[in-house]
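Here is the structure we will look at.
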Amino acid sequence: MESEAVGYAAFFQGQYPRVVAKLIAFDGFEPQIAEDAAAEAMTRLLLSWDRVHAPRAWVRTVAFRVAVSLSTGRQQALPDKEFADDKAANDLAAVELALMADTAVQGLPPRQQEVMTLALVDMTPVEIADVLGCTAEQARGNLAHARRALRNAIRTEEEA
């Protein structure tokens, strides 16, 4: 029981800021909605910790659904203030990289956009498959196609 609590605490520390950053950067939710949704998802995860096999994918999916239900349905711009959490501030570099890649990602087909967006927030192909309802092989294939298209886009941009 104590090892489960330690495992959950470590998961929470490592993943809560990433979930908040994903909700803000990729999904466009207001910071307060993102924080509330991530906290609610983490609370629900705690209650189901022993039954969840892919906690990263599970908590991201639940957080997104909670954020949708909390929001008024309109997407907001990125926040002008810095993250209050130091761990989230450390993840900002990953978010900035993802935002720079966002323009190129928008040129991909919809499924490749979804797969690449989830990969950019450190989800594995198995977790991506869980979120998108496909097989891990399909997620890997879409990810490979998306990476190839992004490499070609970057190469074309550099040659211009």
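S71 falls short on exactly one of the conditions (1) modelled with pLDDT of 85 or more; (2) more than 15 Å from the chain's Cα centre (by Cα); (3) surrounded by 16 or more Cβ atoms within 10 Å (Cβ to Cβ), and that condition is (1). Taken over the stretch 6-17, the criterion of being within 14 Å of V62 (Cβ to Cβ) and in contact (Cβ under 8 Å) with a residue 40 or more places away in the chain is satisfied by F11, Q15, Y16. Put simply, of R151, R65 the only residue that is modelled with pLDDT of 80 or more, basic (K, R), within 24 Å of F29 (Cβ to Cβ) and out of contact with any Gly (no Cβ under 9 Å at 6 or more places or on another chain) is R65.
The residue pairs whose first member lies in the stretch 35-49 and is on the phi < 0 side of the Ramachandran plot, whose second member is surrounded by fewer than 16 Cβ atoms within 10 Å (Cβ to Cβ) and part of a helix (DSSP H, G or I), and whose beta carbons are closer than 8 Å, counting only pairs six or more residues apart or on different chains, are D36/L70; A37/L70; W49/E4; W49/G7.
The values are calculated or read from the model by the stated rules, or taken from the named source; none is laboratory data. Computed from a prediction, not measured in an experiment: that's the story for all the values here. Cβ: placed from backbone, ideal geometry, glycine included. Neighbour counts: every protein chain shown.
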